Each structure stands twice: as structure tokens, then as C-alpha cells.
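Student: Submitted below is the structure of interest, expressed as C-alpha cells.
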Amino acid sequence: MTRILVTGGAGFIGSSFVHHVVENTDAHVTVLDKLTYAGNRASLAGIPADRLRFVRGDITDVDLVDSLFTEVDSVVHYAAESHNDNSLHDPRPFLETNIVGTYTLLEAARHHNRRFHHISTDEVYGDLELDDPDRFTESTPYAPSSPYSSTKAGSDLLVRAWVRSFGVHATISNCSNNYGPYQHVEKFIPRQITNVIRGIRPKLYGAGHNVRDWIHADDHSSAVLTILDKGTIGETYLIGADGEKDNKSVMELILTEMGQPMDAYDHVIDRAGHDLRYAIDSTKLRTELGWAPKYGNFEAGLASTIDWYKKNEAWWAPSKDATEAFYAGRGQ
Ligand code: NAD
Ligand code: DAU
């Protein structure tokens, strides 16, 4: 039986990947997760005990990481501080987890000669103009804007260096904005859905012209498993599902789907350094590895995501008040 270590497996996308692996392979999964404010053990509910081992711990813990690497065949690295607004408030945990944590894992991959897949973001490429006909490709130069994206860019560069200098068997994927169940209420889509459920007016940063390229988390997971199985060592793959939408349109879709007037939201202070547009060209992944997304219809995926948040208030309610208090303190 293949054994996979998934870091950050109690987070939004990591837990989606763990469910995907358990449902589509016979692999055994070990999750290493610190359970920060963003981690939730309940996101892994329903997985049979003989398929999953959960270890609460920090990816910067050298001894723990070292011992877990001896027990597995491959490692998929999701653990990160993931929220741009938090990185503008307090960058330090981003340096520690995203840079030092990735370094710690790479050293273990080197010493134990383990297959390593690094999860990253399209934000490492900076942003595009709204009318730019180009999209990000694997050869777009790195130009991150925020403390979050600069630490992710730094972690990608560490992976590349460990491949070239030490022959580590690693691949990298850079994905666009994910949506779906189990996403923390600090993020745009779940924040607005849960605001409507709670009777709070949704909040749009600035004018809302910023564009994000949405992909369902399950499609991200199937792409990562494809790369783990068939990717070429040393290569980077961009993951995206042609889902460009501006924030104002997404806000209006959420409000309409939830039976609210389309203008029932507030404009609030814009994010500092707010990236204008992300757009992914995933031709390499599709043509070389034969991957394709399953969620073609964003509106349908959004409707089922809204339904999930309506039915799973117990999952998100414990985080809601603290999240809104944080935003209120920032005028957002
Ligand atoms: P998340 O914030 O929901 O989850 C992060 C998880 O990592 C949590 O379970 C947290 O407890 C864990 N964690 C944090 N610090 C840790 C540490 N030091 N040691 C062990 N565990 C730790 O994030 P997410 O949205 O699921 O993102 C996961 C990964 O995917 C990140 O690397 C992120 O950069 C990348 N990514 C996210 C998106 C997106 O749209 N959410 C898109 C592309 C790439
Ligand atoms: O592109 C991939 C990235 O997508 C990942 O690397 C990050 O981990 C993930 O958080 C996400 O980053 P964004 O900053 O794009 O996502 P967020 O959900 O924070 O915001 C999406 C857009 O919505 C962005 O333009 C800011 C805006 N926004 C956000 C919030 C929380 C609002 O207008 N109102 C809000 O309340």
C-alpha cells in the first residue's frame, strides 16, 4: 500500500485532497497539521481509521518531520499560512511556516529520498491588467505583491534549488483561487455567504473590479493527484479551470442565489497592494498529463457551496465572530 504524508491536511484544500485520495486510490494517508486557527479536524470526518493517521504538529519541527518521512513514500505539502489580509497584519507566521517549514520538509525529502510535491499559488506571478490578453504560464516571471505571496514565491524557489542542487524528486503546482465546502470564513466567498446567513451585510473591497480565476477545490485535488502520479520531476504545472470572474459579479451571484437584492452589500476599504487580476493558462497540465476539470459550471458549484454552508453552521460558527472582529478592526 502506498503511504502519503499530507501536510496541512486539516485545512481547506488539504482536506479536499485527503478525501480525494481515500476515495480514488488505496493509499494510506498520514496528515501532519498544526491545527492553527485555519485547521479543523472535523474537515476529515468520515474517513475510515485504517486509511488515515492524524498527527498534530508543526512542519518546522525537525525531529517530528524526520520521523514521519521514514514512514511514507511521498509527501504532498499544503501546510501554509494562506490568507493575504492576515499577512498584511502580521507577516511573521508566514515567514516561519511558508519559508522555514518548507525548508524543513525539503531537508527531510533530501535525506530520506522521498517524492515531494509542493502546493503553491498563482499569486507568485503578481497580477495582470484587466485587458491583458495573456494569462500566467509556467514561464511567467515571479513578481509577488504581498507578504503571503512573497513567502510562497520564496518556498517555490527553495523547492527548485533543492531539485537542482540536491536532486530532490520534487514537482510544484501553482493553482488559482479555490472555492467549495470547508473553506475558512475569512476568505471572500464563505465570508459573504455566512454574512448573509447571519444577517450581516457582505463586504466588497474597493470597487470590486478585481478578477480571480475560480476553480473548485475537488478539481484542484484531482490535478494534484495527477501530477503526483504522472508529473515529471523538476517541473512546475499551473492548475486552473478557466473561471475568471470579477469580485462584484461573484458578490451579485451569491446575493441572487441567496434570495437577496443584488446591491445588498457594502463597499469597504480596499486591500493594500490589492492584486488586480489572476488568470491561469493550464495547457501544459491538460496536454502533457491529460487532466481536465469536472466542475465546468461556476454558478452550479457556487450554489452547492452555499447549500453546504447553510447546512454546516456547526463547522463554521466557532470562527465567525473572531473573523468579523478582525475585519472590523481593519475597517473591512
Ligand atoms: P488553509 O489556511 O485553509 O489551511 C492551511 C492548513 O495548514 C491548516 O490546516 C493549518 O492548521 C495548517 N498549518 C498552518 N501552519 C502549519 C504549520 N506550521 N505546521 C503544520 N500545519 C500548519 O489553507 P488552504 O486554502 O487550504 O491552502 C493550502 C495550500 O494551498 C497553501 O499552501 C496555499 O498557499 C495553497 N493554495 C491555496 C489556494 C486557495 O485558493 N485557497 C490556491 C492556490 C494554492
Ligand atoms: O489565487 C490563489 C490564492 O487565492 C491563494 O493563494 C490564497 O491562499 C487564497 O486565500 C486566495 O487569495 P485571495 O487573496 O485572492 O483570496 P480572498 O478570498 O482573500 O479574496 C478574493 C478576492 O475578494 C480578493 O480580490 C479580495 C476580495 N475580498 C476578499 C474578502 C475577504 C473582498 O472583496 N471582500 C472580502 O471580504
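Every number in this text was worked out from the coordinates using simple rules, so none of it is lab data. What you are looking at is a predicted structure, and each value in this text was computed from that prediction instead of being measured. Here Cβ is always computed from backbone atoms with ideal geometry, including for glycine, and neighbour counts include all displayed protein chains.
Student: Based on Cα positions only, what radius of gyration and what Dmax would you give for the range 168-256, in angstroms?
Tutor: Final numbers for Rg and Dmax: 16.0, 51 Å.
Student: Which of rounded, prolate, oblate describes the range 32-190, given a ≥ b ≥ c as roots of the alpha-carbon gyration tensor eigenvalues and a/c under 1.5 marking rounded, otherwise prolate only if a/b is larger than b/c?
Tutor: Taking the square roots of the gyration eigenvalues as a ≥ b ≥ c, the range 32-190 is oblate.
Student: Output needed: percent of Cα pairs per 10 Å distance bin for the range 66-148, bins running from 0 to the one holding the longest distance.
Tutor: 15, 37, 31, 15, 2
Student: What per residue convex hull volume, in Å³, comes out for the chain when only alpha-carbon positions are used?
Tutor: Normalising the Cα hull of the chain by residue number yields 123 Å³.
Student: Another one. So which trypsin sites (Lys or Arg not before Pro) in the range 252-297 end up in coil per DSSP with only 13 or fewer other C-beta atoms within 10 Å?
Tutor: On the way: sites: Arg271, Arg277, Lys284, Arg286, Lys294; in loops: Arg271, Lys294.
Passing both the DSSP loop test and the Cβ count: Lys294.
Student: So what's the range 269-312 giving for Cα Rg divided by 2.2 N^0.38 Å, two decimals?
Tutor: Values: Rg = 16.0 Å, N = 44, 2.2 N^0.38 = 9.3 Å.
The reported ratio for this selection is 1.73.
Student: Between helix 217-230 and the chain, what is the angle of the helix's C-alpha long axis to the longest principal axis, kept within 0 to 90° and rounded to the nearest 10?
Tutor: For helix 217-230, the angle is close to 20 degrees.
Student: Mind computing the radius of gyration and Dmax over the alpha-carbon atoms of the range 1-120? Å is fine for both.
Tutor: Expressed in Å, the Cα Rg and Dmax of the range 1-120 come to 13.7, 44.
Student: Could you sort the peptides 129-140, 70-81 by per-residue average Cβ neighbour count (10 Å cutoff), highest mean leading? All intermediate terms of the calculation are to be shown ahead of the outcome.
Tutor: Numbers: 129-140: 13.0, 70-81: 21.5.
The packing order, highest mean first, is 70-81, 129-140.
Student: Between the range 138-205 and the range 249-295, what is the C-alpha centre distance in whole Å?
Tutor: Between the Cα centre of the range 138-205 and that of the range 249-295, the gap is 13 Å.
Student: Taking K and R as +1 and D and E as -1, what net charge do the other residues with C-beta under 15 Å from the C-beta of Leu285 add up to? Can you show the working numbers first?
Tutor: Numbers: positive: Arg135, Lys230, Lys284, Arg286, Lys294; negative: Asp122, Glu138, Asp213, Asp219, Asp229, Glu235, Asp242, Asp281, Glu288.
With Lys, Arg at +1 and Asp, Glu at -1, the net is -4.
Student: Could you please state, rounded to a whole Å, how far the C-alpha centre of the range 302-318 is from the C-alpha centre of the range 20-91?
Tutor: 22
Student: How high is the relative contact order of the range 137-258? Use alpha-carbon pairs under 8 Å, at least six apart in sequence, and give a whole percent. Please report the intermediate quantities before stating the final value.
Tutor: Numbers: 129 pairs, mean separation 41.3, N = 122.
RCO, the range 137-258: 34 percent.
Student: Continuing with this model, one more query. Taking other Cβ within 10 Å of each residue's Cβ, how do Thr232, Thr7, Thr97 sort, fewest first? Write out the running numbers ahead of the final one.
Tutor: On the way: Thr232 11, Thr7 30, Thr97 24.
The most exposed by this proxy come first: Thr232, Thr97, Thr7.
Student: Relative contact order, percent, of the chain when contacts are C-alpha pairs under 8 Å separated by at least 6 residues? Walk me through the numbers before you get to the answer.
Tutor: Working: 626 pairs, mean separation 57.3, N = 332.
Averaging sequence separation for qualifying contacts and normalising by length gives 17 percent for the chain.
Student: Taking the Cα centre of the range 167-305 as the origin, how large is its charge dipole in debye, to the nearest 20, when only Lys and Arg (+1) and Asp and Glu (-1) carry charge on their Cβ atoms?
Tutor: Numbers: 14 positive and 18 negative charges, 59 e Å.
The dipole magnitude comes to about 280 debye.
Student: Rg to Rh for the range 259-332: what is it, with Cα atoms only and Rh by Kirkwood? Walk me through the intermediate numbers first.
Tutor: Details: Rg = 17.9 Å, Rh = 16.7 Å.
Ratio value, two decimals: 1.07.
Student: On to the next question. Using DSSP, restrict attention to beta bridges with both residues in the chain and report what percent are antiparallel, rounded to the nearest 5.
Tutor: Details: 3 of 38 bridges.
Antiparallel bridges: around 10 percent, rounded to the nearest 5.
Student: Another question, if that's okay. State the three equivalent ellipsoid semi-axes of the range 101-211, derived from the C-alpha gyration tensor as the square roots of 5 times its eigenvalues, in descending order and whole Å. Mind dumping the intermediate values first?
Tutor: Values: eigenvalues 217, 74, 23 Å².
Sorted largest first and rounded, they come to 33, 19, 11 Å.
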